Amino acid sequence: MRTFTLMTALVASLAMVTEAADAQEVGRGLRQLHKHRGFWLSFGAGGGWEDADFTFGNEGRGGAAYLRMGGTVSPRVLFGGEALVWFNDQHGGPEVARANVTGAALVYPSLKGGWFLKGGFGVAQYDIAGFERTGVGPTFGTGFDFRLGGNFYVTPNVDYMVQFFDDATVGSLLFTVGVTWH
């Protein structure tokens, strides 16, 4: 509970700081290139590596996918939900799947650029050959929105998905490319 409270305070602080920075940039007449308003949606796929001692010959490599959506708090701060998944069924080992379903915040440091930082906290699920575990899972990441036109973007992401269980902690480094609509 303490971790959740600290994360909420951090996100609220970032929202206040970016609002003040927004006002300064508009006051200087800088043009906003990335428009974040209202509902947004992003989804994509890629690959990644599991950081665990029990990969059972799968070497920790696998596919990755995400879906996130939410609302815009300010042009620099977006809140929503995210499902981030890593899976592996290669090399004849058992099928492995991991997922974090989180409440997520995306913070864009500049209105002129598409770079963002992302953090989330929620439920973690791990399934290896039918053996399931549920725990808590923060997710941290960064990405960049490359504008295609209108409010459509191509978005490469790098995420680190962490999962805490009673007797284990597992992490995955994920690289995905997605499509985003703001």
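Sub-6 Å Cβ pairs linking a first residue in segment 153-182 that is in contact (Cβ under 8 Å) with a residue 24 or more places away in the chain to a second residue that is among the basic types (Lys, Arg), at least 6 apart or interchain, are TYR153/ARG147; PHE165/ARG133, ordered by first then second residue. Of everything listed in (1) in contact with a Ser or Thr (Cβ under 9 Å, 6 or more places away or on another chain); (2) more than 27 Å from GLY62 (Cβ to Cβ), the single unmet condition for LEU111 is (1).
Here ALA52 clears all of (1) modelled with pLDDT of 90 or more; (2) closer than 17 Å to ASP159 by Cα; (3) not charged (D, E, K, R) except the condition numbered (1).
One line per residue, one yes/no per condition, for (1) more than 14 Å from the chain's Cα centre (by Cα); (2) outside any strand (DSSP E or B); (3) surrounded by fewer than 16 Cβ atoms within 10 Å (Cβ to Cβ):
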residue	(1), (2), (3)
PHE121	no, no, no
PHE140	no, no, yes
TYR153	yes, no, no
PRO156	no, no, yes
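Note on segment 80-109: among residues that are surrounded by fewer than 17 Cβ atoms within 10 Å (Cβ to Cβ) and over 21 Å from TRP49 (Cα atoms), the one that is modelled with the lowest pLDDT is PRO109.
Summed over segment 62-105, the residues that are over 23 Å from GLY38 (Cβ atoms) and assigned to a loop (DSSP other than H, G, I, E, B) give a count of 7.
The values are calculated or read from the model by the stated rules, or taken from the named source; none is laboratory data. Worth saying up front: this structure is predicted, and the values here are computed from it rather than measured. Positions of Cβ are generated from backbone atoms using ideal geometry, with glycine treated the same way; all protein chains shown enter the neighbour counts.
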